[in-house]
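Heads up, the thing below is written out as structure tokens.
The values are calculated or read from the model by the stated rules, or taken from the named source; none is laboratory data. Everything quoted here is computed from the prediction, not taken from an experiment. All Cβ positions, even for glycine, are placed from backbone atoms using ideal geometry, and neighbour counts span all protein chains on display. Note: accessible area is taken over every heavy atom of the protein model, side chains too, but ligands, DNA and RNA are not part of it. Shrake-Rupley method; radii C 1.70, N 1.55, O 1.52, S 1.80 Å.
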Amino acid sequence: MQTEKNASVSRTSVDAASGNPAVAGKHRKPHLVDRENRATVGEINVPNPKMQCRDVSVFYDYGEKEAIRKVSLDIGQNEVIAMIGPSGCGKSTFIRCLNRMNDTIDGCVVKGRITLDEINIYDKSIDVVPLRAQVGMVFQKPNPFPKSIYDNIAYGPKIHGLVQNKSETDDLVESSLKRAGLWNEVKDRLDQPGTSLSGGQQQRLCIARTIAVDPEVILMDEPCSALDPIATAIIEDLIDELRQEYSIAIVTHSMQQASRVSQRTAFFHLGDLIEVGPTEQIFLNPLHQLTHDYITGRFG
Amino acid sequence: MTPTHTLILLLLLCAVGYQVGKKRSFAVAKIRGGPRVLHSRPVYYGSLTALWCAVPALIVFSSWLMFESGIITHLVISQLPDHIQDLSADRLNLVMNDIRNLVNGNIVSKAAGPAIQSAADHYQQLQSISHASVAVLVLVMAIAGIMAAQYYIRPELRARNHVERMIRYLLIVCSTIAIFTTIGIVLSVLYESIRFFKIVPVFEFLFGLEWSPQMAIRSDQVGSSGAFGAIPVFMGTFLISVIALSVSVPVGLMSAIYLSEYANKRFRAVAKPLLEILAGIPTVVYGFFAALVVAPVIRNTGEFMGLDVSSESALAAGLVMGIMIIPFVSSLSDDVINAVPQSLRDGAYGLGSTQSETIRYVILPAALPGIVGGVLLAASRAIGETMIVVMAAGLSANLTLNPLETVTTVTVQIVTLLVGDQEFDSSKTLAAFALGLVLFIVTLILNVIALYVVRKYREQYE
Ligand SMILES: Nc1ncnc2c1ncn2[C@@H]1O[C@H](COP(=O)(O)OP(=O)(O)O)[C@@H](O)[C@H]1O
Ligand SMILES: [Mg+2]
């Protein structure tokens, strides 16, 4: 793994045009971009972007370890964009840049430019606290706070001063739980601990908690990987509904999930963004040999 | 041959038995085609032989020694002249003591008469006969054990199962030693306490407001009857523990928060062991510190502010004790804070919490049960602490909540009641056991609660 990674670093310098058929693998289809080409293929721009990333590189351990390299990608208004790729390729690292969660990791360095509504979120004048309310995040493992269901939801609005009194809080809790499709299941036990819910309910509670602070973008890092198929289906439906109001970036290791919920898909491989495009195109007619190999299950 | 020699010889025989058994197992295996036909590995046959050699012999040996002295005493008494035999049981006991002392070459209460001297000779004679016979018996049994094992060793013998069963019994015995010791301690304290409560009613002890346990030796002395109201003493313990906890809980908790949430790795690597060194300082050294440094500082400061501070004060002892238990609080809290899953922190940061909001609203509530457990353990440590209080808080049992006055604590009173020569049936001495019993019950309850809370907390994140 490590040697492969090192090798790929040297390969980045190979120009896209110099794809040499002599070094290509045997599964190569003639019309695809060669495996050795590490530059992004496909359309990274969207007409009306919510967020824009340009040449984003992330290093861990105080710059020792490069996790993603020069990733450029737009996230559109009201779209779901899926990040796919083999594990360790930097999907989580990438979306954690979008709300500066990587700032909480000692020794993590982010380079490049990321804008939200054309404002650079890594600018010195930007405070991460309101940023993270604008760009909410749902994690892989459901992580309700050790508080009641009610307080789990009310916590965010309270710290951000979005509610002034009890009745406003009650309303916000109710509407958030409704939008997360959890209200009917929990309305009679709002004072029970959030941890008493089932895994799928906990994850919806976390989504409700995130939308309670009224974000514009929601990041989801493999939100269904700890859930059973039925809970997964419920969450996927929910994501589709939430798209009406938010921009959503979702990391998933399930290609079926990506094809079910997303409009655009980005394929990462060993720290490089290999290919971006409309989901249908990525799954039916990928442009890059590596994308083709991945979605046909040749590796991953 | 003394019993010690017998024991050493027995051990040697065991070692021989081990080797013999091992050899024997090889020998029997060889006839049938190599060590693989053995049920167990050869060492087990050796160990089994050693056990057969040692266990029966040891049982005989110890039961012999247990009854030896009683039987010999009986025999010696029956040989004593009639006028001695007719003495009351107590006096006879004293005589026997003299005889035994004579035998062991110790100081005797008075010059021995010829009757006593001959009895002592008789005693010695019987004793050596007894020792010689037990030696012969034990060694014969040991050798018989080895030979029997030799006879029984064959490839089918399940030596491993036998040996491991014995080992299991041994482990069971060891694991119950602590339990039985505790029970023994409780019973002895309970027994003496009940004797105390026969003299001083329980009610008077638990709710009395005056503590002055000095009993006069002659009845016409001043203050001949002591007062055994334990409230002032427990109040002192309570006062000092509260002072200690109000120092150690905030400081310990905040240092734990700093170490686990803010400090970088390098600072943590240095600071945490340093903090834990505090726990390794002997309490008597803290006592010096309290008495020689802290108490004078407090008195001088108090005088400066126009307060009346006694030179030994609850405040000095409490402060130093608080410093002593900081590591308990901080290291336990640090552990529980670190055990709060990272995903909870991520969740809070992901919602836009600041670091201090995350700590106050998410991490501390999640860690609270564990922290409470740590504080309770620290509290029971404070309640049981003696040395610092002896040196810095004084001995007089004032019923006061003023931290600037001298107070005393339960443990200090126990020490002062039992130091020096004591008559073990005066209420003064017995009072120490009653205090100990109550103290034991209080700390036991605290510990049980603490363990329960901590266990609950662990379950939550597993
Ligand atoms: N906190 C960290 N410290 C050091 N290296 C990390 C850290 N987090 C992730 N990495 C490394 O960065 C690379 C990308 O990880 P990640 O973004 O988690 O991948 P993915 O989510 O696609 O599985 C991996 O090689 C991983 O080992
Ligand atoms: Mg990941």
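Heavy-atom accessible area buried between chains A and B is around 1600 Å² (1.4 Å probe, both sides summed).
Each peptide among A:160-168, B:348-356 gets the average number of other Cβ atoms lying within 10 Å of its residues, and from highest to lowest they stand as B:348-356, A:160-168.
Set the Förster distance to 41 Å, then compute FRET efficiency between A:D188 and B:F288 from the Cβ-Cβ distance, nearest 0.05. All intermediate terms of the calculation are to be shown ahead of the outcome.
Details: r = 63 Å, r/R0 = 1.53.
It comes to 0.05.
Rounded to the nearest 20 debye, the dipole size of chain B about its Cα centre is 2820 debye, using +1 on the Cβ of Lys and Arg and -1 on the Cβ of Asp and Glu. Simple point charges give the picture: +1 on the Cβ of Lys and Arg, -1 on the Cβ of Asp and Glu, and for the protein assembly as shown a dipole about the Cα centre of about 3160 debye. The relative contact order of chain B comes to 16 percent, based on Cα pairs under 8 Å that sit 6 or more residues apart. In order along region B:23-33, phi translates into HN-Hα couplings of 4, 4, 5, 4, 4, 5, 5, 4, 4, 8, x Hz, rounded to whole numbers, per the Karplus curve 6.51 cos²θ - 1.76 cosθ + 1.60 with θ = phi - 60° and x for Gly and Pro. Peptide A:151-161 shows a mean partner chain C-beta count of 3 within 10 Å per residue C-beta. Among the helices of chain A, none built from whole DSSP H runs has Cα atoms reaching 30 Å or more along its own axis together with a mean Kyte-Doolittle hydropathy of at least -1.0. Using a probe of 1.4 angstrom and keeping all protein chains present, the accessible surface of chain A works out to 43 square angstrom per residue. For region B:56-67, the Karplus equation 6.51 cos²θ - 1.76 cosθ + 1.60, evaluated at θ = phi - 60°, returns couplings of x, 4, 5, 4, 4, 4, 6, 6, 4, 4, 5, 8 Hz by residue, with Gly and Pro reported as x. Ignoring aspartates and glutamates fewer than eight residues from A:K166 along the same chain, the ones with Cα atoms less than 15 angstrom from its Cα are A:D151, A:E174, A:D191.
A simple packing score, the average count of other Cβ atoms within 10 Å per residue, orders the peptides B:38-51, B:192-205, B:272-285 as B:38-51, B:192-205, B:272-285, with the highest score first. Under the simplified labelling scheme, the B:M254-B:D121 pair shows an inter-label distance of 8.3 nm, with each label point 7 Å from Cα along Cα→Cβ. Taking amide H positions as modeled 1.01 Å from N, with prolines and chain starts lacking one, the residues under 5 Å from A:G277 and 5 or more places away or on another chain are A:T265. Taking the accessible area of chain B, probe 1.4 Å, and keeping the other protein chains in place, the carbon and sulfur fraction comes to 67%. Label separation (B:L399 vs B:I129): 6.7 nm, computed from points 7 Å beyond Cα along the C-beta direction.
For A:K124, a cut-off of 16 angstrom between C-alpha atoms picks up these lysines, skipping any fewer than 8 places away in its own chain: A:K111. How would you classify the protein assembly as shown from its alpha-carbon gyration tensor, with a ≥ b ≥ c the square roots of the eigenvalues: rounded for a/c under 1.5, else prolate if a/b is greater than b/c, otherwise oblate? Since a/c reaches 1.5 but b/c is at least a/b, the shape of the protein assembly as shown is classed as oblate. What shape does region B:3-157 have by the C-alpha gyration tensor, where a ≥ b ≥ c are the square roots of the eigenvalues, rounded means a/c under 1.5, and otherwise prolate means a/b greater than b/c and oblate the rest? Prolate. Expressed in Å, the radius of gyration and Dmax of the Cα atoms of region B:337-462 are 21.6, 70. Taking amide H as placed 1.01 Å from N in the peptide plane, B:F228 has its amide H under 5 Å from the amide H of B:S212, each at least 5 places away in sequence or on another chain. To the nearest 10 degrees, how steep is helix B:231-257 against the longest Cα principal axis of chain B, on a 0 to 90 scale? Between the helix axis and the principal axis of chain B, the angle is about 80 degrees. Close amide H contacts of A:F268 (hydrogens built in the peptide plane, cut-off under 5 Å, sequence separation of 5 or more or a different chain): A:I84, A:G85, A:I274. Summed over qualifying helices (DSSP H, 4 residues or more, each -39500 (n - 2.57)) and divided by its residue number, the protein assembly as shown shows a 222 nm mean residue ellipticity of -19000 deg cm²/dmol. Taken one residue at a time, the phi angles of region B:303-320 give Karplus couplings (6.51, -1.76, 1.60, θ = phi - 60°) of 4, 4, 8, x, 9, 9, 10, 7, 5, 10, 10, 4, 5, 4, 5, x, 4, 5 Hz. Gly and Pro are set to x. An oblate overall shape is assigned to chain B, the ratio a/c of its alpha-carbon gyration tensor axes (a ≥ b ≥ c) being 1.5 or greater and a/b not exceeding b/c.
Calculated accessible area for chain B comes out at 54 Å² per residue, all protein chains present (probe 1.4 Å; ligands, DNA, RNA ignored). In the protein assembly as shown, taking the dipole from charged Cβ atoms about the Cα centre, the farthest positive-side position among A:Q256, B:V442, B:I363 is held by A:Q256.
Across the residues of A:131-139, average count of Cβ atoms on other protein chains within 10 Å?
3
Ordering of B:259-265, B:360-366, A:257-263 by packing is A:257-263, B:360-366, B:259-265, highest average first (other Cβ atoms within 10 Å, averaged per residue).
For the peptide B:338-350, the mean number of other protein chain Cβ atoms found within 10 angstrom of a residue's Cβ is 6.
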